[in-house]
1. Please determine whether any residue of region 37-55 is within 19 Å of residue 132 (Cβ to Cβ) and touching a residue at least 60 places away in the same chain (Cβ under 8 Å).
2. Please go through region 53-73 and give me each residue that is outside any helix (DSSP H, G or I), more than 12 Å from the chain's Cα centre (by Cα) and not hydroxyl-bearing (Ser, Thr, Tyr), ordered by number.
3. State whether one or more residues within region 35-47 are part of a strand (DSSP E or B) and under 21 Å from residue 86 (Cβ atoms).
4. If you scan region 17-33, which residues turn out to be within 9 Å of the chain's Cα centre (by Cα) and open to solvent by less than 50 Å² (accessible area, probe 1.4 Å)?
5. For the subset of region 74-94 comprising residues that are among the aliphatic types (A, V, I, L, M) and part of a helix (DSSP H, G or I), which member is surrounded by the most Cβ atoms within 10 Å (Cβ to Cβ)?
6. Residue 67: under 20 Å from residue 25 (Cβ atoms), of a type outside the set (Gly, Ala, Ser) and in contact (Cβ under 8 Å) with a residue 12 or more places away in the chain, yes or no?
Amino acid sequence: MSTDNQKRLIAIDYGEKRVGIAVTDPLKMFAYPLVTLSNDSKLIDEIKSLLNEYECEKIILGLPLKESGEHSKSTEAAIKFKEKLESSILLPVEFMDERYSSSIARERIIEGVKSKKKRRDKGLIDRNAACIILEDYLSSISLK
């Protein structure tokens, strides 16, 4: 069993069809895109499994806001998902503004993935967007 300072953080980029997942290293210095899950009836169980496997202490959930900062349909869906997570999983769930995370993920993929076929994998964008959410979170706590 890990000590608290060796437990990881996990980030979720919640979407209607797909859910991107990223995780930190045990020292919480780096974020890594992990997996993309289908948003179906098995989602919570699959997240629980990842939380146990990677010994996570907190969930960072992307909060999709409009460019203006206002709520959208996606924002409301993420809020409902947070409530579902909190009732199913005994870990803190914290929102992180995810504006532009998918755009940044697309840019990174274009720069780093040579194969056009692989670049079209929407799951790649989702897990990389989760990674960007997690990187933003790590940056925000290191500034405190």
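The values are calculated or read from the model by the stated rules, or taken from the named source; none is laboratory data. Owing to the predicted nature of the structure, the values given are computational and were not obtained by experimental measurement. Virtual Cβ from ideal backbone geometry, glycine too; neighbours counted across all protein chains shown. Remember, those area values only see protein heavy atoms, side chains included, never the ligands or the DNA or RNA. Shrake-Rupley method; radii C 1.70, N 1.55, O 1.52, S 1.80 Å.
1. no
2. Our first condition is that a residue be outside any helix (DSSP H, G or I); within region 53-73, this holds for 54-72.
Subsequent filtering for residues that are more than 12 Å from the chain's Cα centre (by Cα) retains 54-57, 65-72.
Within region 53-73, 55, 56, 57, 65, 66, 67, 69, 70, 71 meet the criteria.
3. The initial filter retains those residues of region 35-47 that are part of a strand (DSSP E or B), namely 35-38.
After this cut, where a residue has to be under 21 Å from residue 86 (Cβ atoms) as well, the list is 37.
Yes, region 35-47 contains at least one residue that is part of a strand (DSSP E or B) and under 21 Å from residue 86 (Cβ atoms).
4. Step one: list which residues in region 17-33 are within 9 Å of the chain's Cα centre (by Cα), which gives 19-23, 33.
Listed by number, the residues that qualify are 19, 20, 21, 22, 23.
5. Quick first cut of region 74-94, residues among the aliphatic types (A, V, I, L, M) only: 77-79, 85, 89-91, 93.
Checking the rest, the ones that are also part of a helix (DSSP H, G or I) come to 77-79, 85.
Details: 77: 15, 78: 23, 79: 15, 85: 19.
Within region 74-94, the match that is surrounded by the most Cβ atoms within 10 Å (Cβ to Cβ) is 78.
6. Working: under 20 Å from residue 25 (Cβ atoms): no; of a type outside the set (Gly, Ala, Ser): yes; in contact (Cβ under 8 Å) with a residue 12 or more places away in the chain: yes.
No: the conditions fail for residue 67.
Conditions tested, residue by residue: (1) in contact with a His (Cβ under 6 Å, 6 or more places away or on another chain); (2) in contact (Cβ under 8 Å) with a residue 12 or more places away in the chain; (3) aliphatic (A, V, I, L, M); (4) at positive phi.
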{"residue": "7", "(1), (2), (3), (4)": "no, yes, no, no"}
{"residue": "11", "(1), (2), (3), (4)": "no, yes, yes, no"}
{"residue": "19", "(1), (2), (3), (4)": "no, yes, yes, no"}
{"residue": "23", "(1), (2), (3), (4)": "no, yes, yes, no"}
{"residue": "34", "(1), (2), (3), (4)": "no, yes, yes, no"}
{"residue": "58", "(1), (2), (3), (4)": "no, yes, no, no"}
{"residue": "62", "(1), (2), (3), (4)": "no, yes, no, no"}
{"residue": "73", "(1), (2), (3), (4)": "no, no, no, no"}
